[in-house]
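Written out below as C-alpha cells is the structure these notes cover.
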Amino acid sequence: MKVSGFTIVRNAIKYDYPVVESIRSILPLCDEFVVAIGKSDDDTRNLVLSIGDPKIRIIDTTWDDSLREGGKVLALETNKAFDAISPDSTWAFYIQADEVIHEKYLPEIRAAMEKWASYPKVEGLLFSYSHFWGSYQYVGDSRKWYRREVRVIRNDRQIRSFLDAQGFRKNGKKLLVAQVDAFVYHYGWVKPPQAQQAKLQTFHRYWHSDRWIEKSVPKSDTFDYSGIDFLSPFTASHPRVMSERIARCNWEFTPDRLNNKHSLKSVFLHFIEKKTGWRVGEYRNYRIVRRNRDT
C-alpha cells in the first residue's frame, strides 16, 4: 500500500497559515507529499522547502483570480495537486493548509487505510472535525460547523474536488466512505486578529463580488471574534507539531456569552443534537459504507 499526501497553499506567511504543521502532521503516513503552491506575495515556497523532507514535491501553479463563484478556484487547484501524485499510490491523503492531525490518530488512520485498501467500492475515509475559534482553547459547537468530511480518497482520477474544495465527488456522485475514529483539527479561525481580517477580505473574493464585499465585510484592521454562537472549552491536547505556534500566541480571546444571542430554533436544535447526537437536516457530502451491503 502506497500513500500520497497532497495540499494547496498560497500566501501562507502573509495570512499565517499553519501549512508547515499541517504537512508535518501526516508525513509519517505518506510515501510522498505533493504541495501545489500558488504564486504568492511572500516566501511561501521557501517556507515549505524549510521542512526539509525528501518526500515533499512542489508544483508551482497560478491561481485564476477571475474565478469568483463558489470558491471554484480552490477546487481547481486541489485537482492540480491530486493529479500530480504518483499513479501507483493506493490512497491520497488531502489536508488543507489550516488543518492538522494529532499524532495519536496516526495508527488508527493507517489501520483504516490498510483495512479498506482491498475493498475498491470504498472510495474514501471520513474524519470528524474540531473547529477552533478565536484561540486554541475553544471549539465551535453549533450547527454552522460541519462535523465530518472526507480527507483520504482512493487514487482514482474520476474523483474530483467538489465545489470550494471542502469535499470530493466521483462523476458528480457522493463517495462511498468508511468512518475513521480520528479528528481533523481545523485552525482556520485561530490567527492574530490582523491576519484573520486580512485573510477574510482576500478570500471573500473567491466567493463574492467586489460590491458584496464592500457591503458585507466590515472595514477594520482587526477581526472581531466576538460574533460567534455556541463554543465549548477544549481540554484535550493539541498535536505536538503545533506546540511552537501555540507558544507564540500573542493575543487573547475570551468568549462574551452575554452578547451571543441565539434564536429559540437554534437553541432547540442544539439541545436535540447534544441529547441524541442527531443533527436535524445535516448536509452530508458522502455516503457511509455498511460493510455487509456495500462491499
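Just so you know, all these numbers are worked out from the coordinates, no wet-lab data involved. If you're wondering where the values come from, they're calculated on a predicted model, not measured in any experiment. Cβ coordinates were reconstructed from backbone atoms using ideal geometry, including for glycine residues, and neighbour counts include every protein chain displayed.
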| query | Given 0.36 nm per residue, what is the gain on full extension from ASP43 to ASP181 after removing their alpha carbon distance, in nm? | reply | 46.1 nm
| said: Need the C-alpha centroid separation for the range 4-44 versus the range 125-156, integer Å. | reply: 18
| What percent antiparallel are the DSSP beta bridges of the chain, to the nearest 5? | 45
| Which whole-Hz ³J(HN,Hα) couplings does the range 173-188 yield from phi under the Karplus relation 6.51 cos²θ - 1.76 cosθ + 1.60, θ = phi - 60°, glycine and proline marked x? | 9, 5, 6, 8, 10, 10, 6, 10, 7, 7, 10, 9, 9, 9, 9, x
| field | Entries of LYS55/LYS174; LYS144/LYS215; LYS39/LYS199; LYS121/LYS173 with Cα pairs more than 25 Å apart | value | LYS55/LYS174
| request: Scan around GLY5 for amide H atoms under 5 Å from its own, H built in the peptide plane at 1.01 Å from N, and keep only partners 5 or more places away or cross-chain. | output: ASP31, GLU32, PHE33, VAL34, PHE93
| field | Karplus-derived HN-Hα couplings along the range 121-129 (A = 6.51, B = -1.76, C = 1.60, θ = phi - 60°), whole Hz, x at Gly and Pro | value | 5, 7, 9, x, 10, 9, 10, 7, 10
| Simple label model, 7 Å out from Cα along Cβ direction - PHE203 to GLU69, nm | 2.3
| Taking the Cα centre of the chain as origin and charging only Cβ (+1 Lys, Arg; -1 Asp, Glu), how large is the dipole, in debye to the nearest 20? | 1260
| request: Before rounding to the nearest 500, sum -39500 (n - 2.57) across all DSSP H runs of length at least 4 in the chain and divide by the residue total; then give [θ] at 222 nm in deg cm²/dmol. | output: -7000 deg cm²/dmol
| message | Treating only the Cβ of Lys, Arg, Asp and Glu as charged (+1, +1, -1, -1), what charge dipole size does the range 56-207 show about its Cα centre? Round to the nearest 20 debye. | response | 460
| Signed unit charges on C-beta, dipole axis of the chain, positive-most listed residue THR61, PRO192, PHE6 | PHE6
| remark: Under 5 Å from the placed amide H of LEU126, counting only residues 5+ away or on other chains, we find ALA178, GLN179, VAL180
| query | Put +1 on the Cβ of each Lys and Arg and -1 on the Cβ of each Asp and Glu in the chain; which of TYR146, HIS102, PRO239 then has its Cα farthest toward the positive end of the dipole? | reply | TYR146
